[in-house]
Protein chains: 2
Amino acid sequence: MQNINSPSFFIGKGGGELISFGSGQPDLAPPAEAFAVLDNYRSFKYGQVCGLQELREALTPVYEKSQPGQFVITNGASEALDLVLRALYVPGGKILLPKPYYYSYPYNVQFAHLEIDYYELIDGKIVLEELKKKLPDARAILINSPSNPTGTLQDREVLKEIEKMAEELDIYVIADNVYRELVYVGEFYQLAGKKVISIDSFSKTYGMCGYRVGYLHSYDQQLVDKIVEIKTHASMNTNVLAQEMALAALKSPRDYIDHHLQIWSERRDMIYNGMKEMGLDLWQPEGAFYVFPKIENANKAINELYYKYQLIAYDGAWFGEPDRVRFSYALDVEKIQEGLKRLKLYLAEK
Amino acid sequence: MQNINSPSFFIGKGGGELISFGSGQPDLAPPAEAFAVLDNYRSFKYGQVCGLQELREALTPVYEKSQPGQFVITNGASEALDLVLRALYVPGGKILLPKPYYYSYPYNVQFAHLEIDYYELIDGKIVLEELKKKLPDARAILINSPSNPTGTLQDREVLKEIEKMAEELDIYVIADNVYRELVYVGEFYQLAGKKVISIDSFSKTYGMCGYRVGYLHSYDQQLVDKIVEIKTHASMNTNVLAQEMALAALKSPRDYIDHHLQIWSERRDMIYNGMKEMGLDLWQPEGAFYVFPKIENANKAINELYYKYQLIAYDGAWFGEPDRVRFSYALDVEKIQEGLKRLKLYLAEK
C-alpha cells in the first residue's frame, strides 16, 4: 500500500465501486452547440497566437470597455496563469498567494522563478489588515473568488479596497475567476482596473476541461504583448478547433448555465447538510464545487478512505491546510449519497 | 510604411495577390482519418497530463526499446521544447544552439532562464571541432536536422560522435526532429541514447499545425517525471480530441507521407532551380521546406519584396544570419512560379 502524497496519485482512477470526490472535473457535458462545431470542421492551419478574433470579440462584453486585443486565449486557465507569471517575472519578485490555495499556485510561481508569500484566509475570507502589511512588498497578489478549495466568495467591499491599494502601490492583481458562474450565495464581483489581470476558463462553466481553453484579460497592453510574445515561442496558438467550440459554447443559450447551477446547488446542499449531520466543521459553499471540512490527521484519513472505503478525497495539506480534507462534489447525487455513507462509516470506525 | 522586424508582422496576412514564402505552414491537409475522429466525438473530461495512453503506445516503435511512460504529448513541439528547457534549468545553465537557428530557440532558452551559446553551422553543417570546444561548458546542445531555416541534414557520423561526447560529458542532447519525414537526400538519423531528448510533432508531417500536437521522448525517467510535473501545473493535458486525431493520423496508411514527400520534392526542385538560374547563392535543401539564399541587405529586401512586389519572405537576421533570406516553399507550384517571377523582377530592378 503506497502512501498517497499528491493529487496525481488519483489520475486515471475512478469508476467501478470507487466514489471520487477528488478531481474538480464537471461530469456535466458541454452544450450541444459546442459539439455541433465538429460537424464538417476541416481547418488545420495555425491560428493567431493571441486567439481567434471572433472569440476575443465575443468576450469583450464580459469586461467593461475592453478590446479584443486585450485578451489572449490559452491552453486552459493553467496556461493563462503560467504565462501571466512568466511575463511578470522580475528578479526577486514576490507573488502573494491565498492560503489555503489551489494546489498548482505555488508550483506556478516557482516555475516562473518568482518568490512565494502567503496571505492567510480566516474562515476562507481575506483579512484586509494582513494584506495591507504584505502588499507593499509584492509584485502581484492572486485572488481566487469563488475559491478552490474553500468554496468561499470574497466580499465586494474587500475586493474594491484591494483594487484601490493595488493601483496606489502599482502592484498587479491576478484574479482567477474560473468559478465565476458557480455562485450560490451573494454575487460574483469582478475585480477591475488597470492593474488587474483576469483569468478565466471554459472548463468549469461549460464542462470543457479536456479541451483546454481558457483566457486572460488585461487593460495593460504592454503586458498583454509580452504574454503573446512568450506564447508565440512556448506553445503558439491554442487549438483552433477547441476555440471554435468555446465560441459556440459562449454563444449558446444562458439556460445551460442556469440549469447547471441548479444541479450544483442541489449537490451542494446534499453534501453540506450530510457533513453537518455527521458533526463535521465546514463552511457552507458560496461558490465553486468543493467542501473543505476539518478532519484530523487528513493524510491518514484520505489513505484510509481510499484503501478501506474506496472513496477518493484530497488531503488539505496539498492546499496548505493539513487539518482539512477537500471533497469535490462534481458527481451525481446518488454517488454523493453513497460517498457520504462511506465517510460516515469511516468516521464511526476510526 | 512600417518596417518589418519580426515574423509576427505577417501573421494573418495572405491571400489575394500576396504570395507568401513566409510561415512554415503546410498547405496540405491532414489525412482523412484524422478528421474522421470528429464524427460523433463526445468526450470532454481531463486526460492524463502525459498524454493519451494509446497515442504514447503507438509511438513506441519510433524509439528503440522505448516505453509509453517515456513520452509526453504536448501542445506542439513548441511546448515540448519549452518544457524540456524548463526542466533542464540550473542556475547559469548554458544551452548550445545552432546558428542559423529556428527563430524561437533563443527566446525559448531565455524564457526558461537559461543562457544561450551558439555553435556556427558552416554551409549549414555542424563542425565537430568547434563543438568539442563548447560542449564541456554546456547543460545541453540542441540539434535540428533537417534544419529550419537551412534545409540541411547533419551527417550520421557527426551525430553519432555527438551522442558519444554527450554521454561522456553528461550533457543533454535535445533533438528537434520535426522535419524527420521530409528528407530528399540521404537519410534522417535519429539521435539516440540516455542523454538524448527527442522532440517531434504532428504539425509538419500530418499538416496539423493548428491542432498543436507534439511530443517529447527521453529514456531519462526522472527528467520525464519532472516535465510531467511542470506540465501538470502549466497547462495540464494536451487537448484530448487533438490527441485522438494525431493517433488516427499516425495509424493512417504510409502513402500519405510518401505522396506528400513527392509534392514537396517537386516544389523544392522548382524553387531551388529557379533561384539558381537567377544566380542566387543557396544550398539545395536536403530536408524540410525552406531555401535560404544569400541576399544582401536582407531586411531592406524583405521590406521591398513585401511592399513593392507583394511577396512575403523572412529576414535571415531573425534566424541569426542577416545576409540571407528564408523562403518557405509550403505553397503550390503555380504560386511558387509566380513568386519566383516577382523575386526575379526585384533582383533586376533593385
| message | I'd like the Karplus ³J(HN,Hα) series for region B:176-189: coefficients 6.51, -1.76, 1.60, θ = phi - 60°, whole numbers in Hz, and an x wherever there's a Gly or Pro. | response | 8, 9, 5, 9, 4, 8, 10, 10, 9, 10, x, 10, 5, 10
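Give me the one-decimal Kirkwood hydrodynamic radius in Å for region A:1-158, with the sum taken over alpha-carbon pairs. Present the calculation step by step, with values, prior to reporting the outcome.
Details: mean 1/r = 0.0521 Å⁻¹.
The answer is 19.2 Å.
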| request: Among DSSP beta bridges whose residues both lie in the protein assembly as shown, state the antiparallel percentage, nearest 5. | output: 45 percent
| request: Specify whether the C-alpha gyration tensor of region B:66-171 places it in the rounded, prolate or oblate class, a ≥ b ≥ c being the square roots of the eigenvalues: rounded for a/c under 1.5, otherwise prolate if a/b is larger than b/c and oblate if not. | output: rounded
| said: Can you compute the equivalent ellipsoid semi-axes for the protein assembly as shown, i.e. the square root of 5 times each eigenvalue of the Cα gyration tensor, sorted largest first and rounded to whole Å? | reply: 46, 27, 25
| Reachable aspartates and glutamates from B:Lys134, criterion Cα separation under 13 angstrom, eight or more residues apart if same chain | B:Asp117, B:Glu120
| message | Restricting the calculation to Cα positions, tell me the Rg (one decimal) and the Dmax (whole number) of region B:46-251 in Å. | response | 15.9, 48
| field | Cross-link reach list, lysines versus B:Lys300, counting only Cα pairs under 18 Å and skipping chain neighbours closer than eight places | value | B:Lys308, B:Lys344, B:Lys350
| message | Under 8 Å for C-alpha pairs, at least 6 residues apart: give me the relative contact order for region B:1-122, rounded to a whole percent. | response | 15 percent
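Rounded, prolate or oblate: which one fits region B:3-96, using the alpha carbon gyration tensor with axes a ≥ b ≥ c (rounded when a/c is under 1.5, else prolate when a/b beats b/c, else oblate)? Walk me through the numbers on the way to the answer.
Values: a/c = 2.24, a/b = 1.18, b/c = 1.90.
Since a/c reaches 1.5 but b/c is at least a/b, the shape of region B:3-96 is classed as oblate.
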| message | For a 31 Å ceiling on Cα separation, which of these pairs sit above it: A:Lys94/B:Lys226; A:Lys125/A:Lys251; A:Lys204/A:Lys294? | response | A:Lys125/A:Lys251
| remark: By the Cα gyration tensor axes a ≥ b ≥ c (a/c under 1.5 gives rounded; else a/b larger than b/c gives prolate, otherwise oblate), the shape of region B:157-290 is oblate
| task | Pop out the ³J(HN,Hα) list for region B:131-138 in order, Karplus 6.51 cos²θ - 1.76 cosθ + 1.60 with θ = phi - 60°, rounded to Hz; leave Gly and Pro as x. | result | 4, 4, 6, 8, 4, x, 7, 9
| message | With angles folded into 0 to 90 degrees, how steeply does helix B:76-88 sit against the dominant principal axis of chain B? Use alpha carbons for both and round to 10. | response | 60 degrees
| message | So the label point sits 7 Å from Cα along the Cα-to-Cβ vector; using that for A:Glu187, what distances do you get to the other copies, in nanometres, sorted shortest first? | response | 7.1
| message | Can you tell me which aspartates and glutamates have their Cα less than 17 Å from the Cα of A:Lys195? Leave out same-chain residues fewer than eight positions away. | response | A:Glu64, A:Asp137, A:Glu161, A:Glu163, A:Glu167, A:Glu168, A:Asp170, A:Asp176, A:Asp220, A:Asp225
| Taking chain A as a Gaussian network, Cα atoms linked when under 10 Å apart, which of A:Gly16, A:Gly186, A:Gly92 shows the biggest mean-square fluctuation? | A:Gly16
| query | Helix B:156-169 sits at what angle to the longest principal axis of chain B, using alpha carbons and giving 0 to 90 degrees rounded to 10? | reply | 50 degrees
| field | For region A:145-211: Kirkwood Rh in Å [reciprocal of mean 1/r, alpha carbons] | value | 12.8 Å
| Relative contact order, percent, region B:144-187 [alpha-carbon distance under 8 Å, six or more residues apart] | 51 percent
| remark: In order over region A:249-263: 3J(HN,Hα) from phi, Karplus 6.51/-1.76/1.60, θ = phi - 60°, whole Hz, x for each Gly or Pro, gives 5, 4, 7, 5, x, 4, 3, 4, 5, 4, 4, 5, 4, 4, 4
| All Cα pairs of chain B, percent lying beyond 32 Å | 31 percent
| said: At R0 = 56 Å, how high is the FRET efficiency between B:Glu64 and A:Leu261 if r is their beta carbon distance? Nearest 0.05 is fine. | reply: 0.60
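Output the antiparallel fraction of DSSP beta bridges having both residues in region A:32-251, as a percent to the nearest 5.
Of those bridges, close to 35 percent are antiparallel.
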| query | Say the dipole of chain B comes from +1 at the beta carbon of Lys and Arg and -1 at that of Asp and Glu; which of B:Val178, B:Gly92, B:Tyr119 then lies farthest toward its positive end? | reply | B:Gly92
| Between A:Asp117 and residues 5 or more places away or on another chain, which pairs have amide H atoms under 5 Å apart, with H built 1.01 Å from N, and which residues are they? | A:Ile95, A:Leu96, A:Leu97
| When only Cα pairs under 8 Å and 6 or more residues apart are kept, what is the percent relative contact order across region A:32-251? | 30 percent
| remark: Calculated from DSSP helices alone, with each H run of at least 4 adding -39500 (n - 2.57) and the total divided by the residues of the protein assembly as shown, [θ]222 nm to the nearest 500 comes to -11500 deg cm²/dmol
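Throughout, read-outs are computed from the coordinates displayed, never taken from laboratory work. Bear in mind that the values here come from a model prediction, so they are computed numbers and not experimental data. Because the Cβ atoms are built from the backbone with ideal geometry, glycine has one as well, and the counts that use them run over all protein chains shown.
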